[in-house]
Amino acid sequence: MVIYFSETLQIAVDCVAALGGRRHLVCGWIMTPRGTPFDMRVVGAQGREQRPDFRLLYARPDVTPADPEAALVSGFTLVIGQVAENDPLEILLSSGETGGRINLRDSSLSHDLQAVLAGQHWRINYRLLRAAAEREDALPLMRHQYRPYGAFATWFSRLPLVRGQAENFGIMARMECSRSPAGEFALGIHFAGRPERLMQIEATAIAALRAADGGPDELRLVPLVDSVFHQAASLGCLYGRIAPDLLPRLRRLEVIAQITFDEETLWLRAEPREEQVPGFLDGIAALPGPAMDGAIAAALLREVLASRERALKPALDSLAAAPPRPAPRPGLAVMVGVDEPACVPLLDILAPRIEARCASLLLIGRRAEQAVQVFQRRGRIEAGTEGDAGLALGRAAEAGAPVVPLDPLRLGRAVIDNDLDSLFARRLEGEELALLRGLHAAAGCSADLADSLARLLRQREAPGQPWQPPGHGWRSPLAAHLVNAHLERLWTLPPRTQEAHA
């Protein structure tokens with residue numbers, strides 16, 4: 001709906017949508033005399049002014065005044081709070097002696113926010129997306145009408161989709177996107193030509209988080225807590241990381257990117273391929289490709305590694321230095337590496353001795369579904385499976401239960417040595433459990449949690465042992481050297497503070 005006051009004073013409302021919680025979103029545009037002050041207010045019942053909880057102004061190149069020298073057009077998106085469904089709601093617009101109002105309760109106004117966002121310029125949508133990521137409380141667009149992706153669903157479906165990598169994609173000769181268990185991603189782009197003035201990559205992350213009640217994953221816009229953009233010739237690479245407190249629930253990550261190359265801007269949706277940390281960092285070093293100078297790869301990798309260490313090392317050291325806590329009660333045993341057929345008969349034999357030493361058991365591995373039936377048939381303790389080790393530890397941390405870390409090899413050795421009690425006495429609680437989770441996500445050398453667990457136990461039981469590099473097939477010796485040194489620094493833990501406990 002467009003309201004015409006004069007040649008240079010007009011207002012249009014594209015949509016009025018209820019966001020829930022007595023909030024309403026209003027979007028449209030205003031045309032005002034160039035160089036002349038104007039006033040736009042929202043009023044509710046009894047003419048009370050409703051100050052917006054959120055306001056975004058932007059250019060609207062799709063609307064052109066009859067005389068561009070005489071008038072200026074601006075788009076707007078407002079979120080008005082504390083408005084009941086049937087309360088009066090109006091916009092008052094005035095400039096000089098001219099002005100009027102528009103009734104936001106008019107039945108002819110559109111309420112289909114998805115359709116409006118899908119139809120307007122994608123640059124506006126991306127600004128709205130960034131704002132929703134930074135101020136989710138004021139702009140809950142991802143939860144609109146309880147649909148996956150909320151108000152952005154139709155727009156997302158129209159964005160070009162790249163899964164992992166693509167070639168000859170518009171002005172991009174090659175594009176790759178990967179992510180690691182630490183909640184970080186890298187988006188690397190080789191353009192068909194070299195930019196003359198500007199190359200820029202911006203990104204917003206969407207996290208699929210495990211629901212606490214076991215329902216469908218929650219899709220949430222998450223701001224980046226750290227980002228690095230590196231440009232060299234026709235290569236652009238954006239590295240970003242989300243907040244670490246989301247990792248225990250993180251199942252999947254998507255990236256919505258805005259890419260600017262001189263005068264051209266394009267948008268895409270990327271689904272990064274998941275890599276363990278060594279493969280993720282090796283992939284970043286390989287982004288420049290063999291045709292570019294090796295110094296470019298070294299500079300890019302060093303910049304990313306420095307960013308990782310600044311953010312991750314202090315938190316890991318703080319957890320590692322925390323004093324040990326006693327675990328007086330039986331807790332949760334998490335057994336990783338349940339992959340071989342022999343695990344099932346081994347657990348069948350040891351089931352009574354395991355049940356006597358823990359309250360519940362979580363099995364992880366390819367044979368976990370078969371092995372868990374041993375305990376479910378007996379019905380002595382709670383037993384279950386989890387496909388992801390990080391999520392399993394996250395569940396244990398949320399429950400506040402001490403965790404007994406197990407794997408078939410250590411369990412078999414304990415049986416041979418007749419020393420199961422010592423194995424079950426080694427429990428992870430509080431900071432120690434968080435340390436294992438953090439090290440596995442930030443510097444895990446294998447997808448199997450058992451490797452990270454073994455490295456942590458070696459650090460505790462025999463500090464000062466030489467570093468064991470991961471068994472990864474590196475693409476270049478330089479990447480192997482830099483990444484191994486980086487991982488060793490993350491795994492070099494300070495001694496624990498010894499304190500007396502009652």
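The values are calculated or read from the model by the stated rules, or taken from the named source; none is laboratory data. Values in this document were obtained by computation on a predicted structure and should not be read as measured data. Using ideal geometry, Cβ is built from the backbone for each residue, glycine included, and neighbour counts are taken over all protein chains shown.
Would you please name the residue that is surrounded by the fewest Cβ atoms within 10 Å (Cβ to Cβ), looking only at residues in the stretch 249-282 that are of a type in the set (Gly, Ala, Ser) and under 19 Å from residue 130 (Cβ atoms)?
First, pick out the residues of the stretch 249-282 that are of a type in the set (Gly, Ala, Ser): 257, 270, 279.
If we keep only those that are under 19 Å from residue 130 (Cβ atoms) too, we end up with 257, 270.
On the way: 257: 21, 270: 26.
Among residues in the stretch 249-282 that are of a type in the set (Gly, Ala, Ser) and under 19 Å from residue 130 (Cβ atoms), the one surrounded by the fewest Cβ atoms within 10 Å (Cβ to Cβ) is 257.
Regarding the stretch 391-402, can at least one residue be identified that is touching a helix residue (DSSP H, G or I) at 6+ places or on another chain (Cβ under 6 Å) and modelled with pLDDT of 85 or more?
no
Could you list all residues from the stretch 19-54 that are surrounded by fewer than 16 Cβ atoms within 10 Å (Cβ to Cβ), under 40 Å from the mean Cα position of the chain (by Cα) and of a type in the set (Lys, Arg)?
Listed by number, the residues that qualify are 22, 41, 51.
Determine if the stretch 86-98 includes at least one residue that is closer than 21 Å to residue 46 by Cα and without any contact (Cβ under 8 Å) to a residue 24 or more places away in the chain.
Going through the stretch 86-98, the residues closer than 21 Å to residue 46 by Cα turn out to be 86-94.
Going one step further and asking which of them are without any contact (Cβ under 8 Å) to a residue 24 or more places away in the chain, we end up with 86.
Checking the stretch 86-98: at least one residue is closer than 21 Å to residue 46 by Cα and without any contact (Cβ under 8 Å) to a residue 24 or more places away in the chain.
Might you let me know whether the stretch 156-178 holds any residue that is in the same structural domain as residue 277 (by TED's automatic domain parsing), under 30 Å from residue 22 (Cβ atoms), touching a residue at least 40 places away in the same chain (Cβ under 8 Å) and surrounded by 15 or more Cβ atoms within 10 Å (Cβ to Cβ)?
yes
What single numbered condition from (1) out of contact with any helix residue (DSSP H, G or I) (no Cβ under 6 Å at 6 or more places or on another chain); (2) closer than 19 Å to residue 145 by Cβ fails to hold for residue 114?
The failed condition is (1).
Name the residues in the stretch 343-362 that are more than 18 Å from residue 418 (Cα to Cα) and modelled with pLDDT under 90, would you?
Correct list: 359, 360, 361, 362.
Could you grab me the full set of residues in the stretch 141-155 that are buried (at least 20 other Cβ atoms within 10 Å of the Cβ) and over 15 Å from residue 267 (Cβ atoms)?
Within the stretch 141-155, the subset buried (at least 20 other Cβ atoms within 10 Å of the Cβ) is 141-142, 144, 150-152, 155.
Residues satisfying the conditions are 141, 142, 144, 150, 151.
Among all residue pairs at least 6 apart or on different chains, which show Cβ distances below 6 Å where the first residue, located in the stretch 229-247, is on the phi > 0 side of the Ramachandran plot and the second is of a type in the set (Lys, Arg)?
The qualifying pairs are 233/194.
For residues that are assigned to a strand (DSSP E or B), at pLDDT below 90 and among the hydrophobic types (A, V, I, L, M, F, W, C), tally how many sit in the stretch 1-48.
2
In the list 311, 306, 315, 299, which residue meets the criterion of being surrounded by fewer than 17 Cβ atoms within 10 Å (Cβ to Cβ), within 29 Å of the chain's Cα centre (by Cα), free of Cβ contacts under 8 Å to residues at least 12 places away in the same chain and assigned to a helix (DSSP H, G or I)?
306
I'd like the full set of residues that are within 24 Å of residue 137 (Cβ to Cβ) and of a type in the set (Lys, Arg), limited to the stretch 1-43.
Correct list: 22, 23, 41.
Which pairs do you get when a residue that is within 14 Å of residue 182 (Cα to Cα) and in the same structural domain as residue 206 (by TED's automatic domain parsing), found in the stretch 250-275, comes within reach of a residue that is of a type in the set (Phe, Trp, Tyr) and surrounded by 21 or more Cβ atoms within 10 Å (Cβ to Cβ), reach meaning Cβ atoms under 8 angstrom, with the pair 6+ apart or on two chains?
Going by the 8 Å Cβ cut-off, the qualifying pairs are 253/185; 272/185.
Take the residues in the stretch 460-487 that are in contact with a helix residue (DSSP H, G or I) (Cβ under 7 Å, 6 or more places away or on another chain) and closer than 19 Å to residue 438 by Cβ; name whichever of them is surrounded by the fewest Cβ atoms within 10 Å (Cβ to Cβ). First the steps, then the outcome.
Going residue by residue through the stretch 460-487, those that are in contact with a helix residue (DSSP H, G or I) (Cβ under 7 Å, 6 or more places away or on another chain) are 465, 467, 469-470, 472, 474-476, 478-479, 482-483, 486-487.
Pick out the ones that are also closer than 19 Å to residue 438 by Cβ and you get 467, 470, 483, 486-487.
Values: 467: 12, 470: 19, 483: 26, 486: 23, 487: 24.
Here the residue is 467.
Any idea which residue in the stretch 360-387 is surrounded by the fewest Cβ atoms within 10 Å (Cβ to Cβ), counting only those that are in a loop (DSSP other than H, G, I, E, B) and out of contact with any Ser or Thr (no Cβ under 9 Å at 6 or more places or on another chain)?
The first filter runs over the stretch 360-387 and keeps only residues in a loop (DSSP other than H, G, I, E, B), leaving 364-367, 379-381, 386-387.
Now restrict to residues that are out of contact with any Ser or Thr (no Cβ under 9 Å at 6 or more places or on another chain): 366-367, 379-380, 386-387.
On the way: 366: 12, 367: 19, 379: 9, 380: 14, 386: 19, 387: 11.
Here the residue is 379.
Restricting to the stretch 414-445, give me the number of residues that are of a type in the set (S, T, N, Q) and at negative phi.
The initial filter retains those residues of the stretch 414-445 that are of a type in the set (S, T, N, Q), namely 418, 422.
Add one more test, that the residue is at negative phi, and what stays is 422.
Of the residues in that region, 1 qualify.
Just the residues that are among the hydrophobic types (A, V, I, L, M, F, W, C) and either in contact with a helix residue (DSSP H, G or I) (Cβ under 6 Å, 6 or more places away or on another chain) or at pLDDT 95 or above (or both), please, taken from the stretch 492-502.
To start, the set of residues in the stretch 492-502 that are among the hydrophobic types (A, V, I, L, M, F, W, C) comprises 493, 500, 502.
Selection gives 493 alone.
Please go through the stretch 64-111 and give me each residue that is of a type in the set (A, V, I, L, M, F, W, C) and modelled with pLDDT under 90, ordered by number.
Initial filter on the stretch 64-111 (of a type in the set (A, V, I, L, M, F, W, C)): 66, 70-73, 76, 78-80, 83-84, 89, 91-93, 102, 104, 109.
Result: 66, 83, 84.
Is at least one residue of the stretch 273-282 part of a strand (DSSP E or B) and of a type in the set (D, E, K, R)?
Here is the first cut: in the stretch 273-282, the ones part of a strand (DSSP E or B) are 273-274.
Right, trim to of a type in the set (D, E, K, R) and you get 273-274.
Yes, the stretch 273-282 has at least one match.
Considering only residues that are touching a residue at least 40 places away in the same chain (Cβ under 8 Å) and in a strand (DSSP E or B), which ones fall in the stretch 54-74?
Hits for the stretch 54-74 are 54, 56, 58, 71, 72, 73, 74.
Quick check: anything in the stretch 195-204 within 24 Å of residue 249 (Cα to Cα), of a type in the set (Ser, Thr, Tyr), surrounded by fewer than 22 Cβ atoms within 10 Å (Cβ to Cβ) and modelled with pLDDT of 95 or more? Quick ask: steps written out before the conclusion?
The initial filter retains those residues of the stretch 195-204 that are within 24 Å of residue 249 (Cα to Cα), namely 203-204.
With the extra rule that they be of a type in the set (Ser, Thr, Tyr), the set shrinks to 204.
If we keep only those that are surrounded by fewer than 22 Cβ atoms within 10 Å (Cβ to Cβ) too, we end up with 204.
Remaining after also requiring modelled with pLDDT of 95 or more: 204.
Within the stretch 195-204, one or more residues are within 24 Å of residue 249 (Cα to Cα), of a type in the set (Ser, Thr, Tyr), surrounded by fewer than 22 Cβ atoms within 10 Å (Cβ to Cβ) and modelled with pLDDT of 95 or more.
Return only the number of the condition from (1) acidic (Asp, Glu); (2) out of contact with any Pro (no Cβ under 8 Å at 6 or more places or on another chain); (3) more than 16 Å from residue 201 (Cβ to Cβ) that residue 274 does not satisfy.
Among (1) acidic (Asp, Glu); (2) out of contact with any Pro (no Cβ under 8 Å at 6 or more places or on another chain); (3) more than 16 Å from residue 201 (Cβ to Cβ), the lone unmet condition for residue 274 is (2).
How about the stretch 397-500: which helices (runs of 4 or more DSSP H) wholly inside it have at least 1 residues that are of a type in the set (Val, Ile, Thr) and free of Cβ contacts under 8 Å to residues at least 40 places away in the same chain?
On the way: elements: 408-416, 420-425, 430-443, 449-461, 477-491.
In the stretch 397-500, the matching helices (runs of 4 or more DSSP H) lie at 408-416.
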